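The values are calculated or read from the model by the stated rules, or taken from the named source; none is laboratory data. Because the structure is a prediction, the values reported are computed rather than measured. Every residue, glycine among them, receives a Cβ derived from its backbone with ideal geometry; neighbour counts consider all protein chains shown. Just so you know, the surface numbers come from the protein's heavy atoms only, side chains and all, with ligands and any DNA or RNA stripped out. Shrake-Rupley method; radii C 1.70, N 1.55, O 1.52, S 1.80 Å.
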Amino acid sequence: MKKFLLILITFIAFSESHAQDNGIPASTNVDGREYPKILPDNRVIFQVNAPDAKSLQIDLGKKYDMVKNDKGIWTVTTDPIVEGFHYYSLIADGVATTDPNSNTYFGMSRWASGIEIPEKNVDFYLPKDVPHGDIRIKYYYSKITQDWRRAFVYTPPGYDTNLNKKYPVLYLLHGGGEDETGWTQQGNVNFILDNLIAEGKADPMIIVMDKGAATDPNAQPLEGQRPGGGFNFETLEKVFINEIIPMVEKDFKVITDRNHRAMAGLSLGGFQTFHTTMNNLDKFAYIGGFSGSALMRAPGSTIQNLYNGVYADAKTFNEKAKLVYISIGTDEPAGMYQNVNSVHKEFEKAGIKHIYYESPGTAHEWLTWRRSLHQFAQLLFK
């Protein structure tokens, strides 16, 4: 019996060592760090040097207990992880923190670790040998929120050399718990557009990514909100219409009519997009919501009475809106899926022209939203 157990332990140790040899460091690792390491079956090996810790876990949707060796190195191998980008935490002695081996990303309402599980045979959001645009940071003072804000702005290849050309604009919002860095750092927006433009599948455009939170210190709080309301839709609408759009049209080479202006967002940003565009349809012709669309908040709300009845006359609405796009992942939480899918069905009943997309096998995650942007961008400004 002892001989059998010895053989079994030796086999397990060999298998684990062999598996590690077949793994590759995650692209999201800090430069030069071997772990986290992704195995061919998408299991992930995490390893952390923490000799003084009493307990360590990896929280990647599911919590995994790490095991310490006699050198103070903690290790664990996860179950297979779904392809795409995922936030995760290192839980050290009960406190959620970041993995020192991984780059950090603003998500989960804080800086968190992130890991990219490669999607096999898919590269539309990866850097390629094509002309590349730039990501610029624009700081500006908001008189409405009475603080400094910043926008990340994608300018397409050739922006600085073709001096007489003006471009259409997409205003692109992140989700709740994220910030204006999300679409660049987690979403790979610049690579998606670089590749589409190089392939002739999308028009060169400027993309403006601003913060989805806006607090008016002088505003009376809405019912159930703290003063100012960090995610106050009305305040954010004012910031976009009165400050962000005028600033962009002053400082960047853009076409300023509604037929060359789009807005889209993911999750909370999708709901914010519909609020802003439906109340200002004279300013936007292209609208997109990824895992977030028209929001029927009040009891008894219907498509016909939303946003002051903008959908009540389908013919008039369809003449104004050149594109309404909504999407959802097939594996999203039931409530989120139901909301977006029900809006799609209500649009169909009401005769509101729109495009509806379900991302196969993805949940409330960046792979859903990368796929959505990839489709949406190809439909803009036609």
Quiz item: Given the structure, is ASN103 polar (S, T, N, Q), out of contact with any Asp or Glu (no Cβ under 6 Å at 6 or more places or on another chain), closer than 22 Å to VAL44 by Cα and modelled with pLDDT under 95?
Solution: no
Quiz item: Residues in region 338-360: is at least one under 24 Å from the mean Cα position of the chain (by Cα), crowded, with 24+ Cβ neighbours inside 10 Å, outside any helix (DSSP H, G or I) and not β-branched (Val, Ile, Thr)?
Solution: no
Quiz item: Since GLY158 meets every condition but one in (1) of a type in the set (Gly, Ala, Ser); (2) touching a Leu at 6+ places or on another chain (Cβ under 8 Å); (3) at positive phi, which condition does it not meet?
Solution: (2)
Exercise. Among the residues of region 1-43, count how many are open to solvent by 70 Å² or more (accessible area, probe 1.4 Å), at pLDDT 95 or above and under 16 Å from PRO80 (Cβ atoms).
Key: 3
Exercise. Would you confirm whether any residue within region 319-333 is farther than 26 Å from GLY187 by Cα, open to solvent by 40 Å² or more (accessible area, probe 1.4 Å) and either free of Cβ contacts under 8 Å to residues at least 24 places away in the same chain or touching a helix residue (DSSP H, G or I) at 6+ places or on another chain (Cβ under 6 Å) (or both)?
Key: yes
Quiz prompt | Options PRO204, PRO156: the member that is open to solvent by less than 10 Å² (accessible area, probe 1.4 Å), of a type outside the set (A, V, I, L, M, F, W, C) and touching a Gly at 6+ places or on another chain (Cβ under 8 Å) | solution = PRO156
Practice problem: Could you tell me which numbered condition SER301 fails, if it satisfies all but one of (1) open to solvent by 20 Å² or more (accessible area, probe 1.4 Å); (2) touching a residue at least 24 places away in the same chain (Cβ under 8 Å)? | Solution: (2)
Quiz item: Among (1) part of a helix (DSSP H, G or I); (2) modelled with pLDDT of 95 or more; (3) over 21 Å from ILE207 (Cβ atoms), which single condition is GLU243 missing?
Solution: (3)
Quiz item: without any contact (Cβ under 8 Å) to a residue 24 or more places away in the chain and of a type outside the set (Lys, Arg) - does that describe any residue in region 268-283?
Solution: yes
Exercise. Scan region 144-158 and report the pairs whose first residue is within 18 Å of GLY200 (Cα to Cα) and whose second residue is assigned to a strand (DSSP E or B) and open to solvent by 30 Å² or more (accessible area, probe 1.4 Å), with Cβ atoms within less than 6 Å and a gap of 6+ or a chain change.
Key: TYR154/ILE135; THR155/ASP134
Quiz item: Can you spot a residue in region 66-73 that is farther than 19 Å from ASN29 by Cα, in a strand (DSSP E or B) and at pLDDT 95 or above?
Solution: yes
